């Protein structure tokens, strides 16, 4: 069971890094001038499609960090025997640019779909919407990664459970580090 939990953390780490990178890129003052919204200020039924928080900059950073994280995983896999014992797929055959980009883009795409529904429901950006805030990036990352690699179904179940639990913990840590305004 430990190896399955480890693998669910390992496999989805590029999507988690992408999600964090998109959020963090908005906090860097030097990058704020590149915050053009993905929805191009368009509206649907009188409401913004996504809002100002979903930016081209965020998507680019998500994809970049997804690729970097996946590349780092492949390097670690190549250099650490113990990782090769715990990871049930051959990472020598993984294309880090493709898988990292799909996980990164997918995580942000899932978050954007959720944001669309939040805007249509009248919920403000940043307001918690349980459980959708915890599963949006997971569903998106998994969906897009399936275009490249298919895992056994139980890994997806475990991945969803583990990363669902990680999200509130990471959010609370961000609050303690004064990166986030609210603890959950």
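For the reader, a short list of remarks on this structure follows.
- In segment 42-77, the residues that are under 15 Å from residue 11 (Cα atoms) and in contact with a helix residue (DSSP H, G or I) (Cβ under 8 Å, 6 or more places away or on another chain): 65, 66, 67, 68, 69, 70, 71, 73, 74, 76, 77
- Per-region count, segment 94-139, residues under 19 Å from residue 170 (Cβ atoms) and either without any contact (Cβ under 8 Å) to a residue 60 or more places away in the chain or surrounded by fewer than 14 Cβ atoms within 10 Å (Cβ to Cβ) (or both): 15
- Of all residues making up segment 110-127, the number that are touching a helix residue (DSSP H, G or I) at 6+ places or on another chain (Cβ under 9 Å) and either outside any loop (DSSP other than H, G, I, E, B) or farther than 24 Å from residue 40 by Cα (or both): 8
- Selected residue (only one of 135, 166 is assigned to a helix (DSSP H, G or I) and over 21 Å from residue 1 (Cβ atoms)): 135
Values quoted throughout were computed directly from the atomic coordinates according to the rules given, and no laboratory measurement underlies them. Note that this is a predicted model, so its numbers are computed, not measured. Note that each Cβ is placed from the backbone with ideal geometry, even for glycine, and that neighbours are counted across all protein chains shown.
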